[in-house]
1. So which pairs qualify, if the first residue must be in region 270-290 and closer than 15 Å to R154 by Cα, the second must be among the charged types (D, E, K, R) and modelled with pLDDT of 85 or more, the Cβ gap must be under 7 Å, and the two must be at least 6 apart or on different chains?
2. Assuming G208 fulfils every condition listed in (1) modelled with pLDDT of 90 or more; (2) under 22 Å from I266 (Cβ atoms) apart from one, which condition is it?
3. From G186, G197, grab the single residue that is assigned to a loop (DSSP other than H, G, I, E, B) and crowded, with 16+ Cβ neighbours inside 10 Å.
4. Return the residues of region 45-83 that are at pLDDT 80 or above and among the β-branched types (V, I, T); say none if nothing qualifies.
5. Output the qualifying pairs, or none if there are none: Cβ atoms under 9 angstrom, residues six or more apart or on different chains, first residue in region 154-179 and polar (S, T, N, Q), second residue in a loop (DSSP other than H, G, I, E, B).
6. I need the full set of residues from region 241-256 which are part of a helix (DSSP H, G or I), exposed (fewer than 13 other Cβ atoms within 10 Å of the Cβ) and in contact (Cβ under 8 Å) with a residue 12 or more places away in the chain, in order please.
7. Would you say M38 is surrounded by 10 or more Cβ atoms within 10 Å (Cβ to Cβ) and either in contact with a strand residue (DSSP E or B) (Cβ under 6 Å, 6 or more places away or on another chain) or free of Cβ contacts under 8 Å to residues at least 40 places away in the same chain (or both)?
8. Could you please find all residues in region 111-147 being modelled with pLDDT of 85 or more and under 21 Å from H262 (Cα atoms)?
Amino acid sequence: MLAEAKRRCTEDSAMKLLKQKVEEAENKEQEFKEFVRMQENRRTKETEELKAKHAEERKKEAAERRKYEEKREGLLEAVISHKASLQLQMTTPRDDETKAASVILLGLSGSGKSSALNLILSRAGNQYSLNGSTHEPTHPTLSCEKKVVFAADRRLILVDTPELWDEDGVENLALVKDCLALALPGPHVFLLVLQVGRFTQGEHSMLGYMQKTFGREVAEHSIILFIHSDENQSKPQRVDDYVAEAHTTLQDLIRKCGSRFHGLNITNKRSALSYPQVRDLLLGINKLVASHGGRPFLMKRFSPQELQERNKVIAEKKEDMLEMNHLLRGE
């Protein structure tokens with residue numbers, strides 16, 4: 001019995017030792033698996049970080065590439081615009097009566113008339129800037145203002161206006177006379193300025209106001225200019241696409257104006273786009289003027305003598321204002 005007890009004790013000890021060895025082996029295997037998992041996680045993390053780093057580098061490279069491409073496109077458009085200007089100078093008749101053309105800009109307050117006028121002046125005058133827009137921040141227009149530029153062998157008179165009508169469509173007679181006087185010997189073209197993405201009831205009624213003030217035939221001398229000024233859009237919508245998707249009331253307005261419309265981008269981000277846009281607008285103006293034989297819009301309501309007298313009054317007021325400013329600066 002003693003021997004049997006010793007044998008069993010020896011077997012139990014051996015079994016216990018064996019179990020202990022098995023547990024140690026399992027623990028080591030578990031530790032090894034955990035080590036492998038941690039190594040895999042580390043490599044996965046390093047791989048993801050490397051991918052993110054490469055993606056960021058590619059993003060920066062793409063941004064730099066776009067930047068240089070836009071500069072290159074701007075330079076190319078500037079060259080093309082200048083060549084087109086020279087070509088028009090060579091082909092435009094030199095008769096004095098066909099040289100001058102006057103354009104009156106009309107639209108609601110905030111439509112972008114003044115910004116558009118300044119950009120047209122800079123581009124028409126071949127003032128090229130590849131680092132941003134050349135137009136300066138504009139203030140609300142309170143009176144009619146006249147700007148002159150020589151473009152394509154033509155003296156181009158641009159007349160900026162405040163709103164000529166109130167909310168009920170009642171005209172401001174003094175402003176109407178002023179814009180017509182400043183546009184002498186024209187006007188040849190009425191440029192109706194609208195903002196892309198905004199078409200209010202007031203803008204819908206604008207052509208009716210124009211016809212009531214200037215005459216029914218004003219639509220035959222009108223061009224619609226769509227202004228795009230959204231800095232947030234990476235790529236502005238093409239004006240043709242905008243018109244194609246526009247409400248029927250806007251399409252009807254465009255149709256009444258002979259389906260003549262152009263687009264102009266006045267944002268800093270896309271300033272290079274304005275070179276061909278202004279070139280096309282000037283070509284459109286020249287084409288409309290030529291279609292009427294270079295003759296200005298016949299304004300039956302006021303005589304040329306009356307408008308010329310009005311022009312003299314405006315000039316005298318301007319001289320008085322300049323003299324007053326000079327005296328104030330002298331004090």
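The values are calculated or read from the model by the stated rules, or taken from the named source; none is laboratory data. Worth saying up front: this structure is predicted, and the values here are computed from it rather than measured. For neighbour counting, all protein chains shown are included, and Cβ atoms are generated from backbone atoms with ideal geometry for every residue, glycine included.
1. Within 7 Å, the pairs are G284/R260; L288/R260.
2. (2)
3. Details: G197 fails: crowded, with 16+ Cβ neighbours inside 10 Å.
Within the list G186, G197, the selection yields G186.
4. The one that is at pLDDT 80 or above and among the β-branched types (V, I, T): T47.
5. Hits for this filter: T161/G107; T161/T141; T161/S143; T161/C144; N172/P162; N172/E163; N172/L164; N172/D166.
6. T249
7. Details: surrounded by 10 or more Cβ atoms within 10 Å (Cβ to Cβ): yes; either in contact with a strand residue (DSSP E or B) (Cβ under 6 Å, 6 or more places away or on another chain) or free of Cβ contacts under 8 Å to residues at least 40 places away in the same chain (or both): yes.
Considered against the rule, which asks whether it is surrounded by 10 or more Cβ atoms within 10 Å (Cβ to Cβ) and either in contact with a strand residue (DSSP E or B) (Cβ under 6 Å, 6 or more places away or on another chain) or free of Cβ contacts under 8 Å to residues at least 40 places away in the same chain (or both), M38 comes out as yes.
8. Of everything in region 111-147, those that are modelled with pLDDT of 85 or more and under 21 Å from H262 (Cα atoms) turn out to be S111, G112, K113, S114, S115, A116, L117, N118, L119, I120, L121, K147.
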